[in-house]
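The structure appears right after this line, and notes come after that.
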Amino acid sequence: MAHHDSRQPAESARERIRSGEHTTLSYGLAPGFVQCNLVILGQKHAYDFLLYCQRNQQACPLIEVTEMGCPEPLRSAPGADLRTDLPRYHVYRKGRLADQPTDIRSLWKNDFVAFLIGSGITFDQAFNRVGIATDARYRWVLQSSCPTERAGLFHGNLVVTMRWIPHQQVVKATQVTSRFVFNHGGPIHVGDPNVIGADLENPIHGPTIGPIPDHLTPMFWACGVTPQAAAQAAEIDLMITHAPAHGFITNLRADDLCQP
């Protein structure tokens, strides 16, 4: 019974999403539970995509790969439905964003394979526990100029999450996130955005970026939007993903997947 109780915040959050009660960002829902990014592809492309994730593990840490045609993530959230349990989806056709539905049951195909990829939203709760400010105004998803390792059709540059962290908390932020190996781990870069070619002019997600305040340091983590960008670049006929920052909440406790 205690095990079931431990899942209740995650299950409750998914029920609110499935019913349409919650349709906005998944940030802050079910704190302490692993949140995932989602990529759904036909079987024809699944092996190459799996290989892409394996070759770029920091950006694409796999939490689960579903059985073909099965929308239920049996290992990470039994009873959930990946067609209804995310606040918003992005539907790509030939690499172009075609729709942003809140339910993809009508699009589901029997040859679909779903990939759940660890999200950095997961370690924001750990930041809060140790007193690191994670103001949403200071968090962005950005394209970088750092190449990923290609697999079949899948290729492209690393997408990064940028957070502005108070100078005196940079070391602590590095230590905390390094434990979350299934949620991108430690930062890939600290400091000048130009070193990694971070595109501050055109954020994928987040507000317009102004001057960096004197007391804050930019820190960059690999981002789970990377495989989404790679699949877009491959111009797959049909691909469905989470909308950025609208993740899937698993029953997995974040601390259980951490390195000590």
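Restricting to region 200-233, and then to whatever is free of Cβ contacts under 8 Å to residues at least 40 places away in the same chain and more than 19 Å from P244 (Cβ to Cβ), can you tell me which residue is surrounded by the most Cβ atoms within 10 Å (Cβ to Cβ)? Spell out the reasoning first.
Filtering region 200-233 for residues free of Cβ contacts under 8 Å to residues at least 40 places away in the same chain gives 201, 208, 210-211, 214.
Still in the running and more than 19 Å from P244 (Cβ to Cβ): 210-211, 214.
Numbers: G210: 8, P211: 5, D214: 6.
So, considering only residues that are free of Cβ contacts under 8 Å to residues at least 40 places away in the same chain and more than 19 Å from P244 (Cβ to Cβ), the one surrounded by the most Cβ atoms within 10 Å (Cβ to Cβ) is G210.
From the residues in region 183-199 that are touching a residue at least 60 places away in the same chain (Cβ under 8 Å) and touching a Pro at 6+ places or on another chain (Cβ under 9 Å), which one is surrounded by the fewest Cβ atoms within 10 Å (Cβ to Cβ)? So that I can check it myself, show each step before the final result.
First, the residues of region 183-199 that are touching a residue at least 60 places away in the same chain (Cβ under 8 Å): 183-185, 188.
Those left that are additionally touching a Pro at 6+ places or on another chain (Cβ under 9 Å): 183-185.
Values: N183: 27, H184: 27, G185: 21.
Among those residues, the one meeting the criterion is G185.
Is one or more of the residues making up region 172-182 surrounded by 19 or more Cβ atoms within 10 Å (Cβ to Cβ), more than 20 Å from A114 (Cα to Cα) and among the small types (G, A, S)?
First pass over region 172-182, keeping only residues surrounded by 19 or more Cβ atoms within 10 Å (Cβ to Cβ): 173, 177, 180, 182.
In the following step, the residues that additionally are more than 20 Å from A114 (Cα to Cα) were identified as 173, 177, 180.
Okay, now just the ones that are also among the small types (G, A, S), so 173.
Checked region 172-182: at least one residue is surrounded by 19 or more Cβ atoms within 10 Å (Cβ to Cβ), more than 20 Å from A114 (Cα to Cα) and among the small types (G, A, S).
Taking T66, is it at pLDDT 95 or above and of a type in the set (S, T, Y)?
Values: at pLDDT 95 or above: yes; of a type in the set (S, T, Y): yes.
Yes: the conditions hold for T66.
The values are calculated or read from the model by the stated rules, or taken from the named source; none is laboratory data. Values in this document were obtained by computation on a predicted structure and should not be read as measured data. For neighbour counting, all protein chains shown are included, and Cβ atoms are generated from backbone atoms with ideal geometry for every residue, glycine included.
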